[in-house]
Protein chains: 2
Amino acid sequence: MPQQVIFTNAVATTLAAELDRLQPNRVFVLTDENTVGCVWPELAGQLPQATVITIPAGDDNKNLATLSRVWQSLQDNGATRKSVLVNLGGGMVTDLGGFAAATFKRGMRFINVPTSLLGAVDAAVGGKTGINFNDLKNEIGTFKEAETVIISTRFFSTLPESELKSGFAEMLKHGLLDSKDAYRHLLASDFQTADAEQQLTLLEQSVNVKRRIVELDPCEKGLRRALNLGHTVGHAFESLALHRNRPIAHGYAVAWGLVAETVLSHIEMQFPSTLLYELAATVYRIYGAFPITCDDYPALLRYMRHDKKSEHGEYNFSLLRDIGDVVTGHACDEETVKTALDIYRDLMHI
Amino acid sequence: MPQQVIFTNAVATTLAAELDRLQPNRVFVLTDENTVGCVWPELAGQLPQATVITIPAGDDNKNLATLSRVWQSLQDNGATRKSVLVNLGGGMVTDLGGFAAATFKRGMRFINVPTSLLGAVDAAVGGKTGINFNDLKNEIGTFKEAETVIISTRFFSTLPESELKSGFAEMLKHGLLDSKDAYRHLLASDFQTADAEQQLTLLEQSVNVKRRIVELDPCEKGLRRALNLGHTVGHAFESLALHRNRPIAHGYAVAWGLVAETVLSHIEMQFPSTLLYELAATVYRIYGAFPITCDDYPALLRYMRHDKKSEHGEYNFSLLRDIGDVVTGHACDEETVKTALDIYRDLMHI
């Protein structure tokens, strides 16, 4: 696999060794206001020469103004193509920092050190970088892989429970894409209460699902859309929640989206109904339900048509024939999507 | 060669055929206020569905504010990854437009149609895209090749003489990097007064020198620095002229830089003196001289140390052993650079 991913809870020494290997002329660390206090002190001793760039936290700040500040800091502190940027934080930091590095002097190297579960399992691996633009998520960006991604679970104990749940939804998705054995193992494990080393083992299995897919299709021309499982409906739920002024976490939206798209998989691809019921029950137990009525259908359908990966305004989905057996770019008609939303509501006791 | 480059003076029909091949869902044309009036009317008939985005002309506008406006226009008009952006203009338009396309939704396709000689011979081919940032040229950007570059000479008759001369300096550089025969042929031709078809033949030979080098080293890790010939001193001359509030055209700076760096090549690499004298006389005849005194040396040396491609603050040059025989990344000491500037002044009758 071309992008190096290291799974370890010895983050400080691993990062120091990676920097020693890359021999940068200068080291920069990008972090946010939440992370700098609780994570950076653990690593600072190993990186005495690093210049720390701290940006405001949160997806609202994943924008051009913040990006400009990062470019400016790199420039002011003499960054060159021989320098390395370490992105230390959640998905917001690794996405924005990866884009800053990919475009500074047409490309400097970067290392991702995700500190959240969602960042580790999704954003930090696979070469997608970017920022939001005019409230459209990840509208501006590029495909550029980090030199190295250092994945650990040692910072998870500082995360709120809702963030662990949010990341776990992507792990559910990877389990569905992987194999029956892996999926069974994941459901049987209690990820949230497992210790850091047990979590790391589960996380490694999950991240490797994404890595195998990305390696085959780095620029999302086809197969990579498998990773979009749960996201077409999930994004629509997110947009609707935002419109209601009651935003929901991305991972929760994905969990609910997985249920709706597994219903679609059952209708269109004969995905086994027992597996569908089991998934719906698991999601309901962990995440509760996202409440919708049929009055919301027109808005949800509109959001699905505008999805970045959609073509010609159709409803496009990645669906499952079975666990580990995905079909990408499957077009559904409007009535089928509405039926799936009806069944989603039944399964979620709405 | 991976990037398609078409040399033709039938621009409108070629562009229409290329768009037909690429089958975009929408076509956008990026152009500037100078180009839209004199060039676009020739092509508009073949592209009835295109959305035209016009930006202010000039390198001063190759910045983040203009880039944002282009992203905004693409977004407002429904551009997707299946759309194509046609960059129609000089190097400013192809650099900024290429970067806008490379980063919009993580990458849409683009076609470059350079309308200036400098744009055709340099900016439009080779995958460098970008914008200026805080007065540093091309500080932010990426490497991304156009789907197709359509190179013609049919718009050159509208260019002022100084712009033709500016582009011709890059042709001189390519001739020096190419072979004795090609260089002789170029000096013997009177490019400025040749007709459009003769110009196109010379231009094709020149552009292919760059293409051969870029193909071997697309991301400027080594050999591509050969194309930097004349530019380390040339950029320093440009910066000094800017500091004097009397800016000079990039191509003129390159022509003078070629003389200074050929002097260095003679000192360090035994480049033949007869060829040096001939080049100096040619440059003096076409461009006159850029006036410097030894009081300017400290500033010039400082600019050379800050060149984007320099490492560790050394003086780094691409130099010639002979025509067609280049050495990249050659470090010179300060005294040698000063000596070369002394000889440059002699050769330029300053």
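When we screen A:THR103, A:THR51, A:THR66, A:THR94 for residues that are at pLDDT 95 or above and farther than 25 Å from A:GLY126 by Cα, the only hit is A:THR51. Across the range B:175-222, the number of residues qualifying as within 14 Å of another protein chain (Cβ to nearest Cβ) and of a type in the set (Lys, Arg) comes to 1. Do we have A:ARG285 as more than 21 Å from A:LEU227 (Cα to Cα) and either outside the structural domain of A:GLY234 (by TED's automatic domain parsing) or not aliphatic (A, V, I, L, M) (or both) here? It is true that A:ARG285 is more than 21 Å from A:LEU227 (Cα to Cα) and either outside the structural domain of A:GLY234 (by TED's automatic domain parsing) or not aliphatic (A, V, I, L, M) (or both).
Would you confirm, using the coordinates I've provided, whether A:VAL29 is at pLDDT 95 or above, over 30 Å from A:GLU238 (Cα atoms), under 25 Å from the mean Cα position of the chain (by Cα) and not basic (Lys, Arg)? Yes; evaluated as a whole, the condition is true for this residue.
Considered as a group, the residues in the range A:73-110 that are hydroxyl-bearing (Ser, Thr, Tyr) and more than 15 Å from A:ALA50 (Cβ to Cβ) include one that is nearest to the other protein chains (Cβ to nearest Cβ), and that residue is A:THR103.
Annotation for the range A:262-273: no member residue is surrounded by fewer than 16 Cβ atoms within 10 Å (Cβ to Cβ), of a type in the set (Asp, Glu) and more than 22 Å from the chain's Cα centre (by Cα).
All of B:VAL113, B:VAL125 fail the test of being on the phi < 0 side of the Ramachandran plot, part of a loop (DSSP other than H, G, I, E, B) and either more than 14 Å from chain A (Cβ to nearest Cβ) or at pLDDT 95 or above (or both), apart from B:VAL125. Being away from chain A (no Cβ under 14 Å), closer than 21 Å to B:ASP122 by Cα and of a type in the set (Phe, Trp, Tyr): is that true of B:TYR287 here? Yes; evaluated as a whole, the condition is true for this residue. Can you tell me which residue among B:ILE55, B:ILE131 is among the aliphatic types (A, V, I, L, M), more than 23 Å from B:THR14 (Cβ to Cβ), away from chain A (no Cβ under 14 Å) and surrounded by 18 or more Cβ atoms within 10 Å (Cβ to Cβ)? Being among the aliphatic types (A, V, I, L, M), more than 23 Å from B:THR14 (Cβ to Cβ), away from chain A (no Cβ under 14 Å) and surrounded by 18 or more Cβ atoms within 10 Å (Cβ to Cβ) holds for just one of B:ILE55, B:ILE131, which is B:ILE55. Looking only at residues of the range B:134-146 that are outside any strand (DSSP E or B) and either in contact with a Ser or Thr (Cβ under 9 Å, 6 or more places away or on another chain) or surrounded by 18 or more Cβ atoms within 10 Å (Cβ to Cβ) (or both), we find that the one that is nearest to the other protein chains (Cβ to nearest Cβ) is B:LYS144. Search the range A:154-186 for residues being in contact (Cβ under 8 Å) with a residue 60 or more places away in the chain and not in a helix (DSSP H, G or I), and hand back the single one that is surrounded by the most Cβ atoms within 10 Å (Cβ to Cβ). Here the answer is A:PHE155.
Which residue is surrounded by the fewest Cβ atoms within 10 Å (Cβ to Cβ), if the candidates are limited to the range B:39-52 and must be closer than 26 Å to B:ASN132 by Cα and touching a Phe, Trp or Tyr at 6+ places or on another chain (Cβ under 9 Å)? Top of the filtered list is B:VAL52.
B:LYS221 meets each of the listed conditions (1) in contact with a strand residue (DSSP E or B) (Cβ under 8 Å, 6 or more places away or on another chain); (2) within 16 Å of B:VAL326 (Cβ to Cβ) apart from (1). Tell me, yes or no, whether the range B:202-223 has at least one residue that is touching a residue at least 24 places away in the same chain (Cβ under 8 Å), within 19 Å of B:TYR287 (Cβ to Cβ) and not hydroxyl-bearing (Ser, Thr, Tyr). The answer is yes; a qualifying residue exists. Comparison of B:ALA101, B:ALA79 shows that the only residue that is of a type outside the set (Asp, Glu), touching a Leu at 6+ places or on another chain (Cβ under 6 Å), crowded, with 18+ Cβ neighbours inside 10 Å and without any contact (Cβ under 8 Å) to a residue 60 or more places away in the chain is B:ALA101. Residue-level analysis places B:SER68 outside the set of residues that are within 12 Å of chain A (Cβ to nearest Cβ), touching a strand residue (DSSP E or B) at 6+ places or on another chain (Cβ under 8 Å) and not aliphatic (A, V, I, L, M). The condition of being in contact with a strand residue (DSSP E or B) (Cβ under 9 Å, 6 or more places away or on another chain) and farther than 20 Å from A:THR148 by Cα holds for A:ASP60. Of the residues screened, A:ALA120 is not one that is more than 16 Å from B:SER68 (Cα to Cα) and within 7 Å of another protein chain (Cβ to nearest Cβ). For the range B:212-251, a residue qualifies if it is in a helix (DSSP H, G or I) and within 12 Å of the chain's Cα centre (by Cα), and the qualifying residues are B:LEU227, B:ASN228, B:HIS231, B:HIS250, B:GLY251. Total residues in the range A:89-124 satisfying the condition of being more than 27 Å from B:GLY130 (Cβ to Cβ), out of contact with any Phe, Trp or Tyr (no Cβ under 7 Å at 6 or more places or on another chain) and not charged (D, E, K, R): the figure is 8. When B:ARG302, B:ARG321, B:ARG285 are screened for being among the basic types (Lys, Arg), out of contact with any Gly (no Cβ under 7 Å at 6 or more places or on another chain), over 27 Å from B:LYS180 (Cβ atoms) and surrounded by fewer than 17 Cβ atoms within 10 Å (Cβ to Cβ), only B:ARG302 passes.
Would you call A:ILE150 more than 14 Å from chain B (Cβ to nearest Cβ), in contact (Cβ under 8 Å) with a residue 40 or more places away in the chain and either over 21 Å from A:LEU258 (Cα atoms) or assigned to a loop (DSSP other than H, G, I, E, B) (or both)? For A:ILE150, the condition - more than 14 Å from chain B (Cβ to nearest Cβ), in contact (Cβ under 8 Å) with a residue 40 or more places away in the chain and either over 21 Å from A:LEU258 (Cα atoms) or assigned to a loop (DSSP other than H, G, I, E, B) (or both) - is met.
The values are calculated or read from the model by the stated rules, or taken from the named source; none is laboratory data. Nothing here was measured: the structure is a model prediction, and the numbers come from that model. Cβ: placed from backbone, ideal geometry, glycine included. Neighbour counts: every protein chain shown.
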